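Contents: one structure, followed by commentary.
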Amino acid sequence: MNTSYITIVKPDDMHLHLRHYDMLDFVLGDTVKQFARAIVMPNLNIPIINTKLAINYRNSILNALKNIKGDIKYFEPLMTLYLTDLTTADEILRAKESGIIFAVKLYPHSATTNSSSGVIDLFKNCSKVLEMLQVIKMPLLIHAEVFDHRVDIFDRESVYIDKIIIPLRKKFPELKIVIEHLSTKEGVDYVYSSSSFTAATITPQHMLYNRNIIFSGGLRPHYYCLPILKSEAHREYLVKAATSGDKRFFLGTDSAPHDIKAKENNCCCAGCYSSYNAISFYVKIFEEAGCISNLEKFASFNGADFYDLPRNSQTLTIYRNENVVPSELRFKDLTIVPLASGETLQWHV
Ligand SMILES: [Zn+2]
């Protein structure tokens, strides 16, 4: 394909970390340039565990939006609640009635950044909540990794699917489940074998790289994310799934900004900052797979359809334009190293 530009319905980012305060001001502009809406993750330092906190967080995002320069006509943050062992079914109903909360996020206890309030025993403590989610058709978003030191880090997703998702699905056959940042062949096969009540987001990094990049010439903290990057066979399998046009796979960057001090550290935080070039990455992946005609389904339709949201009416144009990803981005006293820093991309928003 040699066209010089592509126009698609404006995409949604169905998995995004916007953080708070200066970091929010820093990163929000990158997302609104490329996306009409985003599912905003609730794992702040003080997790968003109820509707009131979600309303406050949404207001701070809308305030940050006012400071963005340029022609931003519209951006809608789609808020989520952080599920804990203490979340009640009433809180879920309140969330639904607020009209601003679109999903509930399940973090296994201690699995990733700010997950120390995560669920310890889903089946024992959260049955009423799960029942309510099924009734009101609100998706449960799952960080699908067991956090067990006896389980190899590369197997944590497939073990989680066997141990938690398969029994969960048996108990709640019509619960909407999104397996977030799908990273394995086993995960893809599980989604293929499921009904339309199961879907998955796929990040750019899990399709651009295999795990060798983490160790190429030394230890590279900016490629460390959770789930951790997998082997080449898994990467190829994910690309096939994402670019297939199958309704159950959609775009979620899991863009997770950390200041450089937290990444280049004795104990580096997990997360890649992919928002800066998110759409360019996905165009590259779809073009290389020879499936550019399925990009719009993956980026703009499948997610909205799964969430029962109207498809966006604006469009986004991406131009063929060689550009080098900056080595660092700076704002106030924060510095972020974006995903693929120093690499040359062929597409630009
Ligand atoms: Zn995430």
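Quick look at the numbers
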| quantity | calculated |
| --- | --- |
| Sequence-distant residues sharing a close amide H with ILE101 (under 5 Å, placed H) | none |
| Dipole magnitude (debye, nearest 20) for the chain, charges at Cβ of Lys, Arg, Asp, Glu | 460 debye |
| Lys, Arg +1 and Asp, Glu -1 on Cβ, resulting dipole of segment 222-312 about Cα centre, debye, nearest 20 | 80 debye |
| Residue-wise HN-Hα coupling along segment 29-38, computed from phi with Karplus coefficients 6.51, -1.76, 1.60 (Hz; x: Gly, Pro) | x, 4, 6, 5, 4, 10, 10, 7, 9, 8 |
| Global size of segment 99-248 as Cα Rg and Dmax, reported in angstrom | 15.6, 51 |
| Where labels lie 7 Å past Cα in the beta-carbon direction, separation of ASP189 and ASN321 in nm | 4.4 nm |
| Partners for LYS124 among lysines (Cα-Cα distance below 18 Å; same-chain residues under 8 apart left out) | LYS105, LYS163, LYS170, LYS171 |
| Volume of the Cα convex hull of segment 217-301, divided per residue and given in Å³ | 111 Å³ |
| With every protein chain in place, segment 102-198: carbon and sulfur % of accessible area (1.4 Å) | 55 percent |
| Surface accessible to a 1.4 Å probe, per residue, for the residues of segment 281-349, Å² | 47 Å² |
| Unit charges on C-beta of K, R, D, E only; dipole of segment 91-176, Debye | 320 debye |
| Reachable lysines from LYS69, criterion Cα separation under 22 angstrom, eight or more residues apart if same chain | LYS10, LYS33, LYS332 |
| Cα centroid separation, segment 58-102 to segment 299-329 (Å) | 20 Å |
| Cα centroid separation - segment 230-286 against segment 145-217, whole Å | 14 Å |
| Proximal charge balance of GLY245 [Cβ under 13 Å; K/R count +1, D/E count -1] | +1 |
| For segment 85-236, accessible area per residue (1.4 Å probe, heavy atoms of protein chains only), Å² | 43 Å² |
| Segment 129-238: trypsin sites (Lys or Arg not before Pro) in DSSP coil with no more than 13 other Cβ atoms inside 10 Å | LYS137, ARG150 |
| Compactness index (Cα Rg / 2.2 N^0.38 Å), segment 202-349 | 1.07 |
| Radius ratio Rg over Rh of segment 5-348, counting only Cα atoms, Kirkwood formula for Rh | 0.93 |
| Of PRO257, VAL32, ILE292, farthest towards positive along the dipole that unit charges on Lys, Arg, Asp, Glu beta carbons give the chain | VAL32 |
| Normalised convex hull volume, segment 63-187, alpha-carbon set, Å³ per residue | 149 Å³ |
| GLU76 long-range amide H proximity, modeled H, under 5 Å | ARG37, ALA38 |
| Lys pairs, segment 212-330 - Cα-Cα below 28 angstrom, 8 or more residues apart or on other chains | 12 |
| Under DSSP loop assignment and at most 15 Cβ neighbours within 10 Å, longest GluC sites (Glu not before Pro)-free interval of the chain | 1-173 |
| Estimated vicinal HN-Hα couplings, Hz - segment 224-241 in sequence order (Karplus 6.51, -1.76, 1.60; Gly, Pro = x) | 8, 9, 10, x, 5, 4, 10, 6, 4, 4, 5, 4, 4, 5, 5, 4, 4, 5 |
| Against the rule of thumb 2.2 N^0.38 Å, how large the Cα Rg of segment 1-118 comes out | 1.17 |
| Environment charge of LEU334, counting only residues whose C-beta is closer than 14 Å and scoring Lys/Arg +1, Asp/Glu -1 | -2 |
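The values are calculated or read from the model by the stated rules, or taken from the named source; none is laboratory data. In this text, all values refer to a predicted model and were calculated from it rather than measured experimentally. For neighbour counting, all protein chains shown are included, and Cβ atoms are generated from backbone atoms with ideal geometry for every residue, glycine included. When the accessible area is computed, the model is the full protein with side chains, heavy atoms only, and any ligands, DNA or RNA have been set aside. Shrake-Rupley method; radii C 1.70, N 1.55, O 1.52, S 1.80 Å.
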